[in-house]
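Everything below concerns the one structure shown next.
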Amino acid sequence: MRLVGPSGEQVGVVRVEDALRLAEEAGLDLVEVAPDARPPVCKLMDYGKFKYESAMKARDARRNQANTQLKEIQFRPKIDEHDYATKMGHVRRFLEGGDKVKCIVRFRGREQSRPELGVRLLAKVAEEVGELATIESHPRQDGRQMVMVLAPTRKKAEVKSDQRRRREEARASRRAEKHAAKAAQTAAQAASAAQAVEAPAVPPAPKAPPAAPPVAANPSAAGPAATSAEPGTTPKPAAAAKPAAPAKPAVPAKPKAPAKPKAAKPKAPAKPTEA
């Protein structure tokens, strides 16, 4: 077999036993890359790494692959200004996304005898989006409608890569802002802790003395000292005690009704027995 080294160098035509020995000494795998060649070609490589790199390349190819779509926008010859502005916004969005736009002007009734209205309208559309697209198919009459195709100036793969790059930049900026806010919060906490350590210990404030007990308002409870404190005033007489309410007479118990005598039921005569 023809053997190729791990860096692509040509080793030459060797036997299978020698190739296996070289692969074992280098700690690599012996992979057959061209079985139909004469002699067959084998290469020394790390097969696991080769498979991983192949999968990554295929994924990147699928990611960068972009299928251009054909979008369709319909106009009328006598379209209103606001409707026209709305449809032109859709046309710009499709072209900025890398898709083709098919502009259609539909005619009704006697409008078919005025194709210049459609040509004028489509020319206006192409002029307004001249920086985003080129005319791929010029206006042409097709039955009751007139068709024009616009192709974007940028490829969809470039648009998708730019969108991916903008998303990554926005994600990186958000991550940086988050780290900066976290660092500022950590610095503020460290500064507050340092100030708490450097500040002298403040002694606790003394407790207020307990409040005096309230003075009794009843002059009789205060004693003779309270009456002598105010010689000009005469003590009020104590209120007379209310007389006790008279006891209610006991209600006599109701006599029980006499029991009714029960009438004895006569017994039925005994039936005579036959001798």
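The values are calculated or read from the model by the stated rules, or taken from the named source; none is laboratory data. Being a predicted model, the structure only gives us computed values, none of them experimental. As a convention, Cβ positions derive from the backbone with ideal geometry for all residues, glycine included, and neighbour counts pool all protein chains shown. Ligands, DNA and RNA are stripped out before the accessible areas are found, and what is left, the full protein with its side chains, is counted by its heavy atoms. Shrake-Rupley method; radii C 1.70, N 1.55, O 1.52, S 1.80 Å.
Values for this structure:
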quantity: Accessible surface of the stretch 76-170 [probe 1.4 Å, protein heavy atoms]: carbon and sulfur percent; calculated: 47
quantity: Full-stretch length increase - residue 59, residue 32 - with 0.36 nm per residue and alpha-carbon distance subtracted; calculated: 7.3 nm
quantity: Residue 160-residue 87 FRET efficiency (beta carbon distance; Förster radius 22 Å; 0.05 resolution); calculated: 0.35
quantity: Length gained when the stretch residue 25-residue 177 is fully extended (0.36 nm per residue, less Cα-Cα span); calculated: 49.6 nm
quantity: Karplus (6.51, -1.76, 1.60) ³J(HN,Hα), θ = phi - 60°, over the stretch 78-87, in Hz, Gly and Pro reported as x; calculated: 10, 6, 6, 5, 5, 5, 5, 5, 5, 5
quantity: Unit Cα scatterers, Debye sum, the stretch 22-113: log10 I(q)/I(0) for q = 0.10, 0.11, 0.17 Å⁻¹; calculated: -0.57, -0.60, -0.89
quantity: In the stretch 91-172, the GluC sites (Glu not before Pro) that fall in loop regions by DSSP, at most 14 other Cβ within 10 Å; calculated: 131
quantity: Sparsely packed trypsin sites (Lys or Arg not before Pro) within the stretch 1-90, loop by DSSP, other Cβ within 10 Å at most 13; calculated: 15, 78
quantity: Table column - 3J(HN,Hα) (Hz), the stretch 107-117, Karplus curve with 6.51, -1.76, 1.60, x for Gly and Pro; calculated: 10, 10, x, 6, 5, 5, 7, 10, x, 5, 5
quantity: Where trypsin sites (Lys or Arg not before Pro) fall in DSSP loop in the stretch 108-207, at most 11 other Cβ within 10 Å; calculated: 108, 207
quantity: Accessible area in square angstrom per residue, the stretch 1-95, 1.4 angstrom probe; calculated: 71
quantity: Alpha-carbon centroid distance for the pair the stretch 115-171 / the stretch 1-48, whole angstrom; calculated: 53
quantity: Gain on full stretching of the segment that runs from residue 189 to residue 74 - 0.36 nm per residue minus C-alpha separation; calculated: 35.2 nm
